[in-house]
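Note sheet for the following structure.
Each reported figure results from applying straightforward, stated rules to the coordinates on display, with no laboratory input. Only a predicted model underlies this, so the values are computations on that prediction, with no experimental measurement involved. Counting neighbours? That spans all protein chains shown, and the Cβs are built from the backbone with ideal geometry, glycine included.
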Amino acid sequence: MTPEHVDIAIIGGGPVGASLALGLEDSGLSVALLEARDKLEVADPRALALSQGCRLILQRLGAWEALAARATPIESIHVSQRGGLGRALLTAEDGGVPALGYVAEYGALVAALAGRLLKCGATVLTGARVTDVAATSAYGAVRYQRGGVERLLTARLVVLSEGGRSLPAHLRQDKDYGQSAVIASVSTQRPHGRRAYERFTPEGPIALLPLGDDYALVWTTPSARVETRLAMPDEEFLAHLQTAFGDRQGRFIRVGPRAAFPLKLRLAADSASPRILRIGNAAHTLHPVAGQGFNLGVRDAWHLARVILDAPRERLGEAALSSAYAAERRFDVLGGSLMTDLLVEAFSNGRPLLGHARGAALALLDLVPALKNLFARKMMFGAQAW
């Protein structure tokens, strides 16, 4: 049955929207999730860096068990800069955790969440293409097309969990870094030993994330050079990567198919109505440095579910709930956006004086256990680290 009215309508069935629906399981609330794809599956090999905090949330949602066998633990992270002294090594052992994070393919995460989503009691409407979202003082209204039929769904609260790129300009704050991320799977001469790398270069950071037996590469590239880098023969691409990254893993010996996406900082303005909330990419998009963006979205879903569960049904969609959620997430979102922006601005340039300062900062981070632990916890748990 296709519902006409629910307590909570979630737009977007990706990992963030699915996490919110699972977080509301057994709440007694009627929940509908609308997903434009015809199936809750996607053949997408892109690598996601899941923080330790994200893993704990997925475990509480009952989705981690299905993903664990396909996720590679990160037991250490090596941070350095090209052409300068100073480096830092973060380890799970120092942090007292089994892993600093995990790396999994996006498609595998979607499949793990979908398996739980279809059993959680929410109404899942696939093939539902939303055409408009509006609100009155009494309810939110979602217009969508499904099976060639125009439909209307009303809800006490509408949550937009995807679609940040479609926000009109007056509803967002954008910062274009002039960069894109070139992504691919690469093999190295030495086994990765469950170590990730964050290597800062004048062009931007290079991340190597252990995934299976290989590495998932995220190579920040000036947007003007992306097409050239994508079109390079494999041998030339690997030679350029070797020069930029160095030989800590020996030689790069293989690269898989390459793709790229632009890098921006995007923060959505507050919704004009408390009956419409945004989480995940619909609320904020961050630079991938330090792997904060996706994990921030999962924390959005988890904390919004807690705020909803604490509110009486008749209060859903009122200003008090919207304000409570905003207060709950303000420091985490602000901290994540400021941290990633600062890392990009401070480390993605070739200024000699800044190079010395960066080297000193990395050395200090490596030598002061309390500082290193605080930084690692920030990466793993967001605002809760403080």
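Across the stretch 366-374, coupling constants 3J(HN,Hα) worked out from phi with the 6.51/-1.76/1.60 Karplus curve, θ = phi - 60°, read 6, 8, 10, x, 5, 5, 4, 5, 5 Hz, and Gly and Pro carry x. Take every DSSP beta bridge whose two residues both sit in the chain; close to 70 percent of them are antiparallel. For Gly13, the residues 5 or more places off, or on other chains, whose built amide H falls under 5 Å of its own are Ala36. Go through Ala43, Pro262, Thr221 and say which Cα lies farthest out towards the positive end of the charge dipole of the chain; charges sit on Cβ, +1 for Lys and Arg, -1 for Asp and Glu. The residue sitting farthest along the positive end of the dipole is Thr221. Rounded to the nearest 0.05, what FRET efficiency do Arg37 and Arg306 have when you use their Cβ-Cβ distance and R0 = 41 Å? So the FRET efficiency works out to roughly 0.90.
Pairwise Cα distances in the stretch 60-159 exceed 19 Å in 67 percent of cases.
Only lysines eight or more places from Lys39 in sequence, or on another chain, were considered; those with a Cα closer than 27 Å are Lys119. Which of the lysines could be linked to Lys372 by a straight reach, that is with a Cα gap under 30 Å, when you skip same-chain ones fewer than 8 residues away? Hits, sequence-local ones excluded: Lys175, Lys264. Simple point charges give the picture: +1 on the Cβ of Lys and Arg, -1 on the Cβ of Asp and Glu, and for the stretch 38-103 a dipole about the Cα centre of about 180 debye. Report, in debye and to the nearest 20, how large the dipole of the stretch 82-210 comes out about its Cα centre when Lys and Arg carry +1 and Asp and Glu carry -1 on their Cβ. Roughly 240 debye, rounded to the nearest 20.
In the chain, the calculated helix contribution to ellipticity at 222 nm averages -10500 deg cm²/dmol per residue, counting -39,500 (n - 2.57) for every DSSP H run with n ≥ 4. Working note: Karplus 6.51/-1.76/1.60 with θ = phi - 60° gives the stretch 204-215 the couplings x, x, 10, 10, 10, 10, x, 9, x, 8, 10, 10 Hz, where Gly and Pro are set to x. Placing unit charges on the Cβ atoms only, positive for Lys and Arg and negative for Asp and Glu, gives the chain a dipole magnitude near 340 debye about its Cα centre. Placing unit charges on the Cβ atoms of the charged side chains and taking the dipole of the chain about its Cα centre, the candidate lying farthest along the positive direction among Phe375, Ala327, Thr2 is Phe375. For the stretch 1-71 and the stretch 180-221, compute the distance between their C-alpha centroids and round to whole Å. The stretch 1-71 and the stretch 180-221 have Cα centres separated by 27 Å.
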